[in-house]
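Worksheet for the structure shown next.
The values are calculated or read from the model by the stated rules, or taken from the named source; none is laboratory data. It should be emphasised that the depicted structure is a prediction, and the values quoted were computed from it without experimental measurement. Virtual Cβ from ideal backbone geometry, glycine too; neighbours counted across all protein chains shown.
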Amino acid sequence: MRDRSFQVARGQAKFASMKHAHLAAALAAAIAAAPAAAFTFSDGTTLTCMAQGKPVTEVFASPDDASMRQRTGRAARVGGGWQITWNEGRLNGLPPVVRDFLFFHECAHARVPTEVEIEANCVGLVEMRQAGRAGPQVEAALRQLYARDPYWNNTFRCADAVAEREAAKAK
């Protein structure tokens, strides 16, 4: 009888340790996939993208996510809201000014909403300015990085036109 109770107790201990291992693995996976609370800018401050009155969920793609290998970020509709998925390796490899701008670009996809990249760039730059995160130094750095790129030249032209319209309305 004693041997049998020891075997049962040992079996329960083995089951309990397996149960804890599965729980620990599930918890680790949940933490890794947990939405980011807010985007962290290069200066350490944070901001949450809001679209249609709801916070936009931000997550980091797993390194083996083939859909994100060539992307730095992607905004997409998920359920009744929006989600920004970041490729952390690519994002962290960018100059800080570009990394910060990309938050506004991806957020603009959700806020407008739009799938048109130049529109997201324009709205992103306008909103970066409105948030006080763009200014002469930031924009000079972006212009220097992308001086010969017509896409970026159109981005600046669009954002400048919006600023001129807003200034004319205010008069």
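Output the residues belonging to region 157-171 that are of a type in the set (D, E, K, R) and in a helix (DSSP H, G or I).
Across region 157-171, the qualifying residues are Arg157, Asp160, Glu164, Arg165, Glu166, Lys169.
I'd like to check which helices (runs of 4 or more DSSP H) are fully inside region 48-156 and have at least 3 residues that are surrounded by 20 or more Cβ atoms within 10 Å (Cβ to Cβ), in contact with a Gly (Cβ under 9 Å, 6 or more places away or on another chain) and touching a residue at least 24 places away in the same chain (Cβ under 8 Å). Show your work before the answer.
Values: elements: 88-92, 96-111, 117-130, 136-145.
It comes to 96-111.
So Asn153 fits all but one of (1) at negative phi; (2) under 22 Å from the mean Cα position of the chain (by Cα); what number is the exception?
Exception for Asn153: condition (2).
Conditions tested, residue by residue: (1) modelled with pLDDT of 95 or more; (2) of a type in the set (A, V, I, L, M); (3) at negative phi; (4) out of contact with any Pro (no Cβ under 7 Å at 6 or more places or on another chain).
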residue	(1), (2), (3), (4)
Pro55	yes, no, yes, yes
Asn87	yes, no, yes, yes
Arg99	yes, no, yes, yes
His105	yes, no, yes, yes
Arg111	yes, no, yes, yes
Ile118	yes, yes, yes, yes
Pro136	no, no, yes, yes
Arg157	yes, no, yes, yes
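Test of understanding: among Arg148, Arg74, which residue is more than 16 Å from Ser42 (Cα to Cα) and touching a Phe, Trp or Tyr at 6+ places or on another chain (Cβ under 9 Å)?
Numbers: Arg148 fails: touching a Phe, Trp or Tyr at 6+ places or on another chain (Cβ under 9 Å).
None of the other options fit; the residue is Arg74.
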